[in-house]
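Below is one structure; the comments refer to it alone.
The values are calculated or read from the model by the stated rules, or taken from the named source; none is laboratory data. Since this is a predicted model, take the numbers as computed values, not measurements. Methodologically, a virtual Cβ is constructed for each residue, glycine included, from the backbone with ideal geometry; neighbour enumeration extends over all protein chains shown. For the accessible areas, the whole protein counts, side chains as well, though only heavy atoms, and no ligand, DNA or RNA atoms are used. Shrake-Rupley method; radii C 1.70, N 1.55, O 1.52, S 1.80 Å.
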Amino acid sequence: MDKQNSQNKTGKPRYAKRRAIIPAILLGAILCQGCNVIFQASLKEPENYYLNPEKSLPQVGRIVLVELSNESTYPKISADMTDALFQAIQKKQVFSLGVVSQTDQQWKSLQLETEKPYTFQQLSAIKEQLNCNAILTGTITAYQPYPHLSIGLRLKLTDLADGQLLWAFEQVWDTTDKTTEKRIKDYFEAQIRSGVTPLHEQLVIVSSLKFVKFVAYEVAKTM
């Protein structure tokens, strides 16, 4: 092969193009591994989540969000966080979304334990009872409103057709953390578009309702 044919139109050697696709190949290998968590990172906000590479969320159909279980000592946070998640995910318009409370008779009659894998009989019963194709369940692993706000979530989206995990998320947010503080600024930049003021940031830090909306916004972005 002569020198002219060994170069592309820009005059750069062909091996440079081959080297450029290596990171993409490695990324594909990572995404195809059967791990429970994939670390997706960006310069602004790293998130810990898993997204099934073999399934498409928009094609799943109707999904029901079950009110989150609560391991904290603050019972009201369960309803607040569930409502914030419902609104944030709905805004993404990825799929049709419904919600059911833990006290709803439809859900109670199924007598399911959220943290345990479902049998095929249970998957079929959920699908028929709730009229959906997948369920979004999870747990508030921790919550603290003072002396500073913090919350931990563990979530999973299960395909009722085969029991496979479609998406999962686990993270803890703490308003004393500098990274969280930076993400709160990014949140207001995205939501308000008119710039961030210290007052706005402070409202998120001191208001539990605004804080859970910020958390729900971050969760929804991974979908």
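Spin-label point model (7 Å from Cα, Cβ direction): what's the Lys182 to Leu165 distance in nm?
2.7
State the extension gain, in nm to one decimal, for the chain segment bounded by Ala79 and Gln129, taking 0.36 nm per residue of separation less the distance between their alpha-carbons.
My answer for the length gained is 15.8 nm.
Output the pairs from Lys76/Lys221; Lys76/Lys116; Lys127/Lys210 with a Cα-Cα distance over 29 Å in this structure; if there are none, say none.
Lys127/Lys210
So who's got an amide H within less than 5 Å of the one on Ala134, skipping anything under 5 residues away but keeping other chains? H placed 1.01 Å off N, in plane.
The list, which skips near neighbours in sequence, is Val64, Leu160.
Per the 1.4 Å probe, what fraction of the accessible area of the range 86-156, in percent, lies on carbon and sulfur atoms?
Carbon plus sulfur share of accessible area: 46 percent.
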